[in-house]
Each structure stands twice: as structure tokens, then as C-alpha cells.
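Take a look at the structure set out below.
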Amino acid sequence: MEMYLDNSATTKPYPEVVDIMIKSLTEKYGNPSAAHRKGLEIEKDIKDIRRNIARTIGAKEKEIIFTSGGTESNNTVLRSCAEIYGKRKKHIISTKIEHPSVLNTLEYLEKKGYKVTYLEVDEKGMISEDELRNSLSEDTLLVSIMYVNNEVGSVQPIKKLVNIVKEFDNEIIFHTDAVQAYGKLDIKVPSLGIDFMSVSGHKLHGPKGIGFMYIKDGVRINPLVTGGGQESNLRSGTENTPGIYGLGKAVEITFADLKGHISEMERKRNLLKELIEEKIDGLKINSPENGVCHILNISFEDIRGEVLLHYLEQKNVYVSTGSACSSKKKGSHVLNAMRLSQDEIEGAIRFSISEMNADEEIKNAVDILCESVDELRSIIRLRK
Ligand SMILES: Cc1ncc(COP(=O)(O)O)c(C=O)c1O
């Protein structure tokens with residue numbers, strides 16, 4: 001039995017997603033820009049998918065722009081805001097726990113002369129509203145704060161944060177990276193008041209290489225990719241039609257019963273947590289109590305997360321030590337920002353579940369985890 005508990009890194013596509021993508025590659029392969037029937041039918045399908053996606057977040061159809069996913073959406077928004085507003089203002093506010101696609105883009109902008117404030121987080125991965133308030137200045141052009149952290153699952157109160165920013169200066173742009181939030185929380189953009197949001201398809205059982213940006217009607221943005229003028233001239237290149245069909249199907253399935261999906265994930269995450277707490281001692285739960293429904297980050301005393309990960313992999317249990325993108329680097333920047341000790345950081349494992357994980361799979365995974373932790377601890381404690 002495969003026990004895949006790494007759904008924050010990526011999810012297995014729904015079978016219906018695979019089916020519709022195969023159909024797109026074998027039958028509906030026309031170019032949506034073509035003037036003939038084979039193109040027009042795809043153009044109509046894309047319009048329908050865009051409308052359905054917009055509906056899930058209470059947006060207008062024209063506010064949804066397809067991209068290759070979270071990384072491209074984050075890059076487009078950050079670079080474009082710097083370009084558009086950077087002549088008058090030079091200050092950006094973000095957090096220490098963003099995904100590398102935000103952090104590395106901000107590092108690039110710093111080299112170009114922008115000043116970035118990285119907000120601290122507490123031991124549960126939450127930023128301080130006061131620190132945000134005190135960091136705002138007349139020079140601030142953009143605030144970019146992730147909705148749900150991909151390593152520990154902390155959920156920032158985006159609506160409150162937007163209010164703080166817009167009360168200070170309504171012209172400051174607010175962007176949120178919602179890659180780990182879309183499909184896990186009920187997000188309605190009009191009531192949040194954000195200007196931009198980034199979403200990725202492969203985190204909700206859709207394909208990789210597809211996602212979208214929400215761009216509030218009337219807010220200026222420059223394209224990152226220029227060319228034939230697709231996606232309202234904001235993201236050129238022949239549309240990734242198999243990806244769009246796949247994303248559309250994943251969204252349709254997820255949002256047919258969003259509440260049901262969320263409570264199933266929550267139930268399974270709680271089952272995983274309770275079993276681990278019951279069977280293994282010497283733990284520190286790094287995820288907050290009120291965190292997102294699918295992420296559980298735990299530090300195991302006297303264990304190196306990396307060693308445990310490979311131990312588990314041999315027994316068909318798949319987990320992560322941090323975000324997939326940064327796991328090759330030493331130490332998680334998120335756990336560092338949460339001021340965990342070096343041992344706690346090195347002993348951390350991220351479990352992330354999906355509704356596809358059967359209860360049996362979770363129970364088996366915990367049994368294997370328990371055995372593996374015992375074995376590793378006995379080896380390590382012998383050496384001490
Ligand atoms: C919070 C967050 N932002 C951005 C990304 C990048 O998204 P993509 O893989 O679609 O480029 C990820 C993926 O791991 C993520 O978890």
C-alpha cells in the first residue's frame with residue numbers, strides 16, 4: 001500500500017482530471033485562437049471554465065487570468081507592482097515565511113533598489129497585526145502576505161490585514177499567495193478586499209503547470225510574458241488547454257462540496273495527529289491548533305527529519321521535511337522564523353493529507369512511523 005502524505009508538495013490528479021486531459025490531447029486539441037470550429041469550441045470551453053472558477057471565489061470572469069501556476073503568478077504580481085508603482089514608491093512589506101517564489105523575487109527586487117520589510121512570525125507562524133501597522137509608510141507600494149503557510153499551515157487573517165493596509169492608504173496594493181488556501185478555505189475575494197491572489201492547480205488534484213491569478217477589476221498590472229496577446233494581453237502564449245481543462249475539472253469536483261472536502265481533510269488530519277500523539281512520545285507539534293485542514297508539522301525528539309523521511313520512503317510512506325522547493329537547502333526558513341531550536345528544526349516532518357487518503361492508509365502510516373522512530377531513536381541513543 002502506498003501512503004502518500006505529501007499533498008502540500010503536490011496532489012494526485014483526480015481520475016476525471018486525467019480523462020478530460022486525455023480528451024483535450026486527443027480530440028479537443030484545437031488552438032483556441034483559431035478562427036475555425038476546432039478552435040472556437042475550445043475557446044467556448046475555456047470561457048465556461050473561467051466563469052466557473054471565478055464563481056468559486058465570487059470574482060468576475062475577466063478577473064481570472066490563467067498562468068503556469070503559483071510561481072508565475074507570484075512573479076507577475078510582484079514584478080509588475082514594482083514596475084508600475086516603483087517610480088514614486090520603493091517599499092514592499094511581506095513576511096519571513098513566504099514561499100521561495102515570493103522570497104527570491106523580493107530578493108531580486110531588493111537588488112534593484114526596493115526596500116523590503118519581512119514581518120516576523122510567532123511560534124505558531126502568525127504575523128503580528130501591530131508590526132504590519134507599524135511597518136506601513138508613505139513609501140509602501142505593495143503588501144504581499146501568504147494566506148496559508150505551506151510548511152506549518154498557519155492561516156493569516158487576510159481580511160483584517162487588508163483592512164489595516166487600506167485604512168492606512170487605500171492605494172497600497174495587497175497580494176496574497178493562496179496556493180495552499182484555495183480549495184481548503186472558503187475564499188470570497190469581494191469581502192476580502194485584496195487586489196491580487198495566486199493559485200496553483202496541482203495542489204487540488206489538478207495538473208501541474210497550470211494555475212491562475214485573480215486580478216481585481218481596475219487594478220493595473222503589466223504582463224510578465226508578452227507575445228500574441230492571449231489572456232487579455234496579460235499572459236501571452238498559446239493556452240495550456242489540457243491544463244485548463246484539468247484545472248477546471250479539479251475545481252468543479254472540489255467546489256461541488258467544498259465544506260464536505262474541508263471537513264473530511266480536517267477529520268483525517270485530526271486522526272493522524274491523535275494517532276501520532278497516542279503512539280509516539282517526544283513530540284513537538286509545530287502546526288497551530290487553528291491551522292489549515294491538511295497540514296501537520298511535527299518535530300520528533302532525537303530524530304533527523306531527513307533520515308526519517310528516507311526511512312519511511314523505503315516503506316512506501318511519503319512525507320516531507322519542509323517545502324519541496326527548499327527541502328534541498330539546509331533548515332527550514334519557516335521553522336527558523338518561528339524560532340524553533342536547531343534540533344527541533346532538524347527533527348521536523350511535514351505530513352499533508354488529502355481526501356484521497358483512506359483512514360486505513362493513515363493508520364498504517366502511523367504504525368510504520370512509530371516503528372521507524374523507535375528504531376532510529378534506539379540507534380541514536382546507543383551512540384550517545
Ligand atoms: C505557498 C506556495 N506558493 C507557491 C507555490 C508554487 O506553486 P507552483 O508549484 O504552481 O509554481 C507553492 C508550491 O509549493 C506553495 O506551496
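The values are calculated or read from the model by the stated rules, or taken from the named source; none is laboratory data. Bear in mind that the values here come from a model prediction, so they are computed numbers and not experimental data. With ideal geometry, Cβ positions are generated from the backbone for all residues, glycine too; neighbour counts draw on all protein chains shown. Keep in mind that these areas ignore ligands, DNA and RNA; they rest on the heavy atoms of the full protein, side chains included. Shrake-Rupley method; radii C 1.70, N 1.55, O 1.52, S 1.80 Å.
Are any residues in segment 104-150 under 20 Å from Tyr85 (Cβ atoms), of a type in the set (Gly, Ala, Ser) and not in a strand (DSSP E or B), and if so, which ones?
Gly113, Ser135, Ser137
Only strands (runs of 3 or more DSSP E) wholly contained in segment 281-384 count here; list those with 1 or more residues that are under 18 Å from Leu271 (Cβ atoms) and of a type in the set (Lys, Arg).
Filter on segment 281-384 gives 348-352.
For Val155, work out the one condition from (1) open to solvent by 10 Å² or more (accessible area, probe 1.4 Å); (2) farther than 16 Å from Ile194 by Cβ it doesn't fulfil.
Of everything listed in (1) open to solvent by 10 Å² or more (accessible area, probe 1.4 Å); (2) farther than 16 Å from Ile194 by Cβ, Val155 misses just condition (2).
For segment 99-139, name all the residues that are more than 24 Å from Val179 (Cβ to Cβ) and polar (S, T, N, Q).
Within segment 99-139, Asn134, Ser137 qualify.
Go through segment 179-222 and give me each residue that's aliphatic (A, V, I, L, M), more than 8 Å from the ligand (Cβ to nearest atom) and either without any contact (Cβ under 8 Å) to a residue 40 or more places away in the chain or open to solvent by 10 Å² or more (accessible area, probe 1.4 Å) (or both).
Passing the criteria: Leu185, Leu192, Ile194, Ile215, Val219, Ile221.
Quick check on Val121: is it touching a helix residue (DSSP H, G or I) at 6+ places or on another chain (Cβ under 9 Å), surrounded by 21 or more Cβ atoms within 10 Å (Cβ to Cβ) and assigned by TED's automatic domain parsing to the domain that holds Asn222?
yes
Within segment 321-337, does at least one residue satisfy the condition of being under 17 Å from Lys273 (Cα atoms), small (Gly, Ala, Ser), at pLDDT 95 or above and not assigned by TED's automatic domain parsing to the domain that holds His99?
No, segment 321-337 contains no residue that is under 17 Å from Lys273 (Cα atoms), small (Gly, Ala, Ser), at pLDDT 95 or above and not assigned by TED's automatic domain parsing to the domain that holds His99.
If I filter segment 368-384 down to residues being in contact (Cβ under 8 Å) with a residue 40 or more places away in the chain and either touching an Asp or Glu at 6+ places or on another chain (Cβ under 7 Å) or open to solvent by 10 Å² or more (accessible area, probe 1.4 Å) (or both), which single residue comes out as farthest from Arg304 (Cα to Cα)?
In this case the residue turns out to be Ile368.
Restricting attention to segment 36-69, and to residues there that are open to solvent by less than 10 Å² (accessible area, probe 1.4 Å) and farther than 14 Å from Thr238 by Cα, which single residue is farthest from the ligand (Cβ to nearest atom)?
Ala54
Listed residues Arg220, Arg235; which is among the charged types (D, E, K, R) and closer than 30 Å to Lys12 by Cβ?
Unique residue meeting the criteria: Arg235.
Considering only residues of segment 70-79 that are surrounded by fewer than 23 Cβ atoms within 10 Å (Cβ to Cβ) and among the polar types (S, T, N, Q), which is nearest to the ligand (Cβ to nearest atom)?
If we take residues in segment 70-79 being surrounded by fewer than 23 Cβ atoms within 10 Å (Cβ to Cβ) and among the polar types (S, T, N, Q), then Thr71 is nearest to the ligand (Cβ to nearest atom).
Of the residues Ala358, Ala365, which is surrounded by fewer than 21 Cβ atoms within 10 Å (Cβ to Cβ), at pLDDT 95 or above and small (Gly, Ala, Ser)?
Among Ala358, Ala365, only Ala358 is surrounded by fewer than 21 Cβ atoms within 10 Å (Cβ to Cβ), at pLDDT 95 or above and small (Gly, Ala, Ser).
Suppose the filter is open to solvent by 40 Å² or more (accessible area, probe 1.4 Å) and either under 30 Å from Leu119 (Cβ atoms) or over 20 Å from the mean Cα position of the chain (by Cα) (or both); does Lys89 pass it?
No, not satisfied.
Only one of Ser101, Ser128, Ser135 is within 14 Å of the ligand (Cβ to nearest atom), modelled with pLDDT of 95 or more and of a type outside the set (Val, Ile, Thr); which?
Within the list Ser101, Ser128, Ser135, the selection yields Ser101.
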